[in-house]
Amino acid sequence: MLKIQKLHKSYPIGDSSLHVLKGIDLSVEKGEMVAIMGSSGSGKSTLLNIIGMLDEADEGDYILDEVPIKNLTEKKAAVYRNKFLGFIFQSFNLINYKNALENVALPLYYQGLKRKKRQEKAKFHLKKVGLLDWATHLPSELSDFATFTLCKRPDRIRHHATCL
Ligand SMILES: Nc1ncnc2c1ncn2[C@@H]1O[C@H](COP(=O)(O)OP(=O)(O)O)[C@@H](O)[C@H]1O
Ligand SMILES: [Mg+2]
């Protein structure tokens, strides 16, 4: 599903550079759950940024669902990101001027689903997590628990192959 081989990444710092990822190998199979652990500054975010196609490695191979991820245009990267990757951020990243239903439905818009279908699907997911009564409320009106539950939904809704 996800295969990484001999991945290198450095950041330029003034005249020199900081070599953060030094030949990482990683393989994740379908259905496997993996936690990346390491002390602060060890390169976890750097690796996740590359896996999430937000950044590119300097050297090495990254293959996602048999597609080599290299030199992709922004457009192509966005297509793969939408198809394969879900992010659950430490901060919630809900859109504060959109209500709960609209937040959940947003990824479906980018997948090209018609409005009615988007609403139907988003309602189904809200119901599933007991938040249907909150569909028309803004994120600021939700409890912390409801916000947390909700912020996971826009990702789940896409049935992502990979969730970072
Ligand atoms: N954009 C950047 N420019 C320069 N150095 C960076 C950048 N991002 C991260 N670093 C450095 O790379 C190292 C790894 O950072 P990071 O991947 O954020 O580690 P972690 O997520 O494990 O805490 C750290 O020393 C950090 O200061
Ligand atoms: Mg980090």
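Among the residues making up the range 52-76, those that are out of contact with any Phe, Trp or Tyr (no Cβ under 7 Å at 6 or more places or on another chain) and within 16 Å of ligand 2 (Cβ to nearest atom) are Leu54, Asp55. Among the residues of the range 63-89, just one is touching a strand residue (DSSP E or B) at 6+ places or on another chain (Cβ under 7 Å) and within 16 Å of ligand 1 (Cβ to nearest atom), namely Ile88. Whenever a residue of the range 28-40 is over 14 Å from Ile51 (Cα atoms), its partners that are among the charged types (D, E, K, R), lying with C-beta atoms within less than 9 angstrom and at least six residues away or across chains, give the pairs Met37/Lys44; Gly38/Lys44. Check whether at least one residue in the range 59-66 is more than 30 Å from Asp144 (Cα to Cα), hydroxyl-bearing (Ser, Thr, Tyr) and touching a helix residue (DSSP H, G or I) at 6+ places or on another chain (Cβ under 8 Å), and report yes or no. Yes, because at least one residue in the range 59-66 is more than 30 Å from Asp144 (Cα to Cα), hydroxyl-bearing (Ser, Thr, Tyr) and touching a helix residue (DSSP H, G or I) at 6+ places or on another chain (Cβ under 8 Å). Which of the residues that make up the range 8-56 are at pLDDT 95 or above and touching a helix residue (DSSP H, G or I) at 6+ places or on another chain (Cβ under 7 Å)? Across the range 8-56, the qualifying residues are Lys9, Val20, Leu21, Ile24.
Filtering the range 6-43 to residues that are polar (S, T, N, Q) and surrounded by 14 or more Cβ atoms within 10 Å (Cβ to Cβ) leaves only Ser10.
For the range 33-57, name all the residues that are more than 18 Å from Ile69 (Cβ to Cβ) and out of contact with any strand residue (DSSP E or B) (no Cβ under 9 Å at 6 or more places or on another chain). Scanning the range 33-57 gives Met33, Ala35, Met37, Gly38, Ser39, Ser40, Lys44. Whether any residue in the range 21-32 is in the same structural domain as Lys76 (by TED's automatic domain parsing) and near ligand 1 (Cβ under 8 Å from one of its atoms) is what I want to check. Checked against the condition, which is being in the same structural domain as Lys76 (by TED's automatic domain parsing) and near ligand 1 (Cβ under 8 Å from one of its atoms), the range 21-32 yields no hits at all.
The values are calculated or read from the model by the stated rules, or taken from the named source; none is laboratory data. This is a predicted model, so every value here is computed, not measured. All Cβ positions, glycine included, derive from the backbone under ideal geometry; neighbour counts span all protein chains shown.
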